[in-house]
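The values are calculated or read from the model by the stated rules, or taken from the named source; none is laboratory data. Because the structure is predicted, anything quoted here is derived from the model rather than measured. Positions of Cβ are backbone-derived with ideal geometry, glycine not excepted, and every protein chain shown enters the neighbour counts. SASA here: full protein model, heavy atoms, side chains in, ligands and nucleic acids out. Shrake-Rupley method; radii C 1.70, N 1.55, O 1.52, S 1.80 Å.
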Amino acid sequence: MDYRSIFQDAVDQLHAEKRYRVFANLERIVGKFPRAIHRSGGAAREVTVWCSNDYLGMGQNETVISALCDAACKMGSGAGGTRNISGTNHPLVELEHELADLHGKEAALVFTSGFISNEASISTIARLLPNCLILSDELNHSSMIEGVKRSGSEKKIFRHNDLEHLEELLRAADPQRAKLIVFESVYSMDGDIAPIEAIADLADKYGAMTYIDEVHAVGMYGPRGGGITDRDGLADRIDIIEGTLAKAFGALGGYITGSRTVIDAVRSYAPGFIFTTALPPAIAAAATTSIRHLKESQEERSLHQRQAQATKKALTEAGMPVMQSETHIVPLHVGDPELCKKASDRLLDVHGIYIQPINYPTVPRGTERLRITPSPFHDDQLIGELCNALKEVWYALGIPFAAGSNEDPIGSDRIVKLTVPKSGG
């Protein structure tokens, strides 16, 4: 059997469908976020990154970096083993206490990534529940889908944020059967928010457990950065809150929080936790420092929301096809995988702006897009530069502007006038 050709054919298929991924070689620059060095073909130049998930720039925060360096100097670079085999370092214990407090839960458990925390936790919780029925939102992240699959439990998929459909499925289930509703707070590709309170009401009504993924909301929303459940005072209505340390907190890892009993059960039964090397103490110390800072400081969140809204406003006024979003996620519709990749390449090559293309299977075919994530450090000048660059790219590639906009093909030298408030939150 020609094994090599099988794998080559699989890669060739991605090329044929115009969705082969190319990774940008980036080197972030401390103190200059969102600027980074892009290396390609032996050349290096500074570019502006507009698609980082380090939403608040906490990965560049001096206090966070200092905590990481101090812990590494004192305790070394690695964890030394799994949690059971010498890997339960003191900074990691402190981090779990901090996370439990963040969400108002009895306990927390840290994993090496957000993907693993979802996959391992959902699969383990559902396996431990007798004859569990999982009800999963159709737009849930791949990590949640994998957790559902690995559980071996029966699943029902409810239409995205469709409460009537969810209740229909709950009503049809045996009232005595164990049920687990898994959903996200902020959906990262569209930027919409789940009806959390209404889902919790349905869970109470039909005797279901709830599991929410807050990875794109922790640090970003709520008076202490606990996410949408913190912002809306709903954390106590949700059984398990899952989050990440790798986005707004600027570090690495994933976690779940919940009752002490549930957390202990996952700790004791989840292979994805038991047999994985623990987070290094330096990473744990950095994450704890970031969480503590964002529990107290509103500055990063306030400025971030201002710049996100300013970006949406400027892009809309420039005639760009901004997809509706309730949050900090700013998706620009392209609708074609090849054009999406060409737009991303031209932005980088001509304008020094990096925004990765989002194609199938991350989003449905026909909804290919550029996903923009403003930060507090994307100031008004950078927003203006982004608008001008995008307009040039749209003209050059013949990508449709927003329906009803005043844009016409008068040339790529048209200048965008950016009008945003000078201050405020």
Fill in the blank from the handout: LEU133 vs (1) out of contact with any Cys (no Cβ under 9 Å at 6 or more places or on another chain); (2) under 15 Å from MET209 (Cβ atoms); (3) open to solvent by 10 Å² or more (accessible area, probe 1.4 Å); (4) not aromatic (Phe, Trp, Tyr): all pass except (3)
Exercise for the section: Scan the stretch 153-189 residue by residue and report those that are open to solvent by 10 Å² or more (accessible area, probe 1.4 Å), small (Gly, Ala, Ser) and either touching a Cys at 6+ places or on another chain (Cβ under 7 Å) or assigned to a loop (DSSP other than H, G, I, E, B) (or both). Expected result: SER153, ALA173, ALA178, SER188
Practice task
Mind counting the residues in the stretch 328-344 that are open to solvent by 60 Å² or more (accessible area, probe 1.4 Å) and without any contact (Cβ under 8 Å) to a residue 60 or more places away in the chain?
Solution key: 2
Exercise for the section: Determine, yes or no, whether GLY76 is over 18 Å from LEU347 (Cα atoms), exposed (fewer than 11 other Cβ atoms within 10 Å of the Cβ) and either among the aliphatic types (A, V, I, L, M) or more than 20 Å from the chain's Cα centre (by Cα) (or both). Expected result: no
Practice task
Run down LEU99, LEU95 and say which single residue is buried (at least 24 other Cβ atoms within 10 Å of the Cβ), closer than 25 Å to ASP70 by Cβ and out of contact with any helix residue (DSSP H, G or I) (no Cβ under 6 Å at 6 or more places or on another chain).
Solution key: LEU99
Practice task
Consider LYS247 carefully, then state whether it is surrounded by fewer than 24 Cβ atoms within 10 Å (Cβ to Cβ), out of contact with any helix residue (DSSP H, G or I) (no Cβ under 6 Å at 6 or more places or on another chain) and basic (Lys, Arg).
Solution key: no
Handout entry: Whichever residue in the stretch 246-289 is closer than 23 Å to GLY57 by Cβ and of a type in the set (Phe, Trp, Tyr) and, among such residues, is nearest to the chain's Cα centre (by Cα)
Key = PHE249
Handout entry: Residues of the stretch 136-152 satisfying the condition of being more than 13 Å from PHE183 (Cα to Cα) and either surrounded by fewer than 21 Cβ atoms within 10 Å (Cβ to Cβ) or at pLDDT below 95 (or both)
Key = GLU146, LYS149, ARG150, GLY152
